[in-house]
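Each remark here refers to the structure printed beneath this line.
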Amino acid sequence: MSHAFCLSDCDATELERTAELLAEADVAVTTCALGSEPVVPFGPLVERGVRVGAGSDGVRDAWTPFGDGDMFTRAHLLAYRTDARTDEELAACYAVAAHGGADVMGLERSDLRVGDPADFVLLAGESVAQVLVDRPLPAMVVRAGNVVARDGRLERTTR
């Protein structure tokens, strides 16, 4: 289920019951945290076993010129829109943006373990919270084991 803006209108009791129903039915929810639209209250949903992901459904298109497909930016916006302040709250926003999509689609998470896909972004920072707040320029972007960008610039390829 995409967007599900109405979930933000639920009181705590109604949200808890709805989350239980969604979890029982194995219905996943996505949010985009963009613009003035309400943001899905993902914390209570995740706590009750609902798979929740964040996405960037408008990538400089007719819907919005502000989407760029960068999931760190999406996590930052999710944190900003939900008034995340603590390291734990910021880490929860990161988790929804970084791993929620895989959860929603039933894919395995990539956590930089041996055997995981070599797809990652290298950022300078001391913690997830710092990276989400400071939004440093990616030092390196690796896709399928190949460096595709360094210091915010695409690498030239010979393909």
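The values are calculated or read from the model by the stated rules, or taken from the named source; none is laboratory data. Computed from a predicted model, the values in this text were never measured in an experiment. Note: ideal-geometry Cβ built from the backbone for every residue, glycine included; neighbour counts use all protein chains shown. All accessible areas refer to the heavy atoms of the entire protein, side chains included, with ligands and DNA or RNA removed. Shrake-Rupley method; radii C 1.70, N 1.55, O 1.52, S 1.80 Å.
Below, the figures for the structure above:
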| quantity | calculated |
| --- | --- |
| Distant alpha-carbon pairs in segment 92-159 (separation over 14 angstrom), percent | 67 percent |
| DSSP-defined beta bridges in the chain - what % are antiparallel, rounded to 5 | 70 percent |
| DSSP-loop trypsin sites (Lys or Arg not before Pro) across segment 89-146, with at most 11 other Cβ within 10 angstrom | ARG113 |
| Percent RCO, i.e. relative contact order, over the chain, from Cα pairs under 8 Å lying at least 6 residues apart | 16 percent |
| With at most 16 neighbouring Cβ atoms within 10 Å, loop chymotrypsin sites (Phe, Trp or Tyr not before Pro) (DSSP) excluded, longest segment of the chain | 67-159 |
| Segment 1-87, relative contact order [Cα under 8 Å, separation at least 6], % | 26 percent |
| Taking the C-alpha atoms of the chain, convex hull volume expressed per residue in Å³ | 139 Å³ |
| Segment 1-95, dipole about Cα centre (Lys/Arg Cβ +1, Asp/Glu Cβ -1), debye to the nearest 20 | 240 debye |
| Debye intensity ratio in log₁₀ form over the Cα atoms of segment 1-71, taken at each q of 0.14 Å⁻¹ | -0.44 |
| Carbon + sulfur, % of accessible area of segment 43-86 - ligands and nucleic acids excluded, 1.4 Å | 56 percent |
| Å² per residue, accessible surface of segment 27-109 at 1.4 Å | 53 Å² |
| By average C-beta atoms within 10 angstrom, highest first, the peptides 95-105, 123-133 | 95-105, 123-133 |
| Between 0 and 90°, nearest 10: helix 12-24 axis offset from the chain longest Cα axis | 70 degrees |
